[in-house]
Amino acid sequence: MVETLKYLSLRNRLSNRLLLLTIGFVMLAEVLIYVPSIANFRLNWLKEKLGAAQIAILAIEAAPDYMVGEKLSWQLLDSAGVLAIVRKKDDNRELVLGTDRPLDVEARYDIRSTGWWMLVRDAVDAMWHNHPHSRLIEVTGYTSDESMDFLQIIFEEELLCHAMFSYSRNVLLLSILISLLTAGLLYYSLNRLLIRPVRKITDSMIAFREAPEDTRRQFTPEDREDEIGVVMQELAVMQDEVRKALNQKTHLANLGVAVSKINHDLRNILASAQLVSDHLSTLRDPTVQKLTPRFVSAIDRAIRLCENTLQYGKAEVEKPRLETVSLKPLIDDMTISLGLMEDGPVRIINDIPTGLTVAADPDQLFRVFLNLGRNAVQAMEHARLNKGELTVTGRMEDGGNAIIDFCDNGPGIPARIQEHLFHPFHGSSNGGAGLGLAIAREIIEAHGGGITLTGSGPDGTCFRIELPGG
């Protein structure tokens, strides 16, 4: 419960992290773009300065005898934003425009053949290096006038730095705007496609853990075909199966309580019947002497069955006490226990070979045979067959295992029941609890064997049991 409250208080942490990460990644991308862009901005700015200086030279060349006044010279330098202009033409290097005062140039840059890394380094040096931005720098570059070898300009670096800082501020504002817009769109998209479905799944899992048997909290998956849709569908199926399993365990628990209440009274009744059987064994009537051992054996088996009834709900099946069991007499005992009359509508044909034996617990194996026989007899009686037959056959395989087949000519098992035939409370079509076949499978598997439905249809049903030979 503490974890649940903690989740509910921080349920938006994932979405908030996603938003912050998106903004951070966009800003990182902008930084990676900014570094070369600021270097390119500086290069273009310097080229523009060289172009402005070239225009100033053209203005001088247009004057008579290349003579301009001091005022015009200052105006041309001011319009170009430089302090001096030097050109090299026909192997002659001359000062075209300049001042009378000496210029102390502190740094020189040649942009005629500068590589990308050099441009980036110079841009970073211009903005962030620990030196005054008012220093004078000299820049050498080409112009559009092919008659000139190169052109040099001298100016205060502060002009360049001011332009670069203005450009950086604009890039920063644009980056923030782009990152917020991108993060908002991405957050909205991922929130609808991922965050909200994951939150729905998480809420459902927490609610299911708190009340797994509450059907009002049934999870409804969305109609999606992606991975999230598969997770939702599987979660819904898993919750449904777990809920059914819990309900089934509840039914088993209730069944155990009911059986425990009647167990004592049933044992008393069987004890009285055992006293009567003991008295019958003292009579000398041949018919009584013939039937009494089977009657006594049936009562003893019923008492042991009553004592072991509650074992079904335990985690482990009662360990069988193995001994060599002859199968043919056991089928005869099953026939007598089912109370079938020789001239009745349903009869059992015992085709087990006389010498066929298996290594098994006789009481548990009889319980399996009785369950199979009772199911077959009830199905044939329910179908009101004029001549219902349950044929029990057996053989020994080469591998040493015994094969026992129970085949009837009843109406068959409905297809909807066959899928869960050996599951508790699912495998009955005649109004029973559906425990007989589930108990039979547990007992046979505890003996190291197996039981399967080999066929079922309008012509009848066949079950096969495979057990280690005796």
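Please state, to two decimals, what the Cα-based radius of gyration of region 104-221 comes to when divided by 2.2 N^0.38 Å (N = residues).
Normalised Cα radius of gyration, region 104-221: 2.19.
Round to the nearest 0.05 the FRET efficiency obtained for ILE206 and GLU106 when R0 = 56 Å and r is the Cβ-Cβ distance. Provide the component values of the computation, followed by the final result.
Values: r = 68 Å, r/R0 = 1.22.
Calculated value: 0.25.
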- line: Packing-ranked peptide list from 408-414, 206-212, highest mean Cβ count within 10 angstrom first, is 408-414, 206-212
query: At a Förster distance of 30 Å, what's the computed FRET efficiency of LEU194 paired with ILE417, Cβ-Cβ distance as r, to 0.05?
result: 0.10
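Which of LEU421, LEU172 has the fewest other C-beta atoms within 10 Å, and how do the rest follow up to the most? Working shown, then result.
Details: LEU421 19, LEU172 14.
So the residues, fewest neighbours to most, are LEU172, LEU421.
Using mean Cβ contacts within 10 Å as the protection proxy, how do 109-118, 459-468 order, highest first? Could the numbers behind the result be given before it?
Working: 109-118: 12.0, 459-468: 19.4.
Descending packing order for the listed peptides: 459-468, 109-118.
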message: What does the extension gain come out to for GLU48 and LEU174, with contour length at 0.36 nm per residue minus their alpha carbon separation?
response: 43.0 nm
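Kindly identify region 320-468 as rounded, prolate or oblate by the Cα gyration tensor criterion: order the square roots of the eigenvalues as a ≥ b ≥ c, call it rounded if a/c is under 1.5, otherwise compare a/b with b/c, prolate if a/b is larger, else oblate. Present the calculation step by step, with values, prior to reporting the outcome.
On the way: a/c = 1.69, a/b = 1.26, b/c = 1.34.
Oblate, since a/c reaches 1.5 and b/c is not below a/b.
Just so you know, all these numbers are worked out from the coordinates, no wet-lab data involved. These numbers come from a predicted model, not from an experiment. Every residue, glycine as well, gets a Cβ built from its backbone with ideal geometry; the counts of neighbours run over all protein chains shown.
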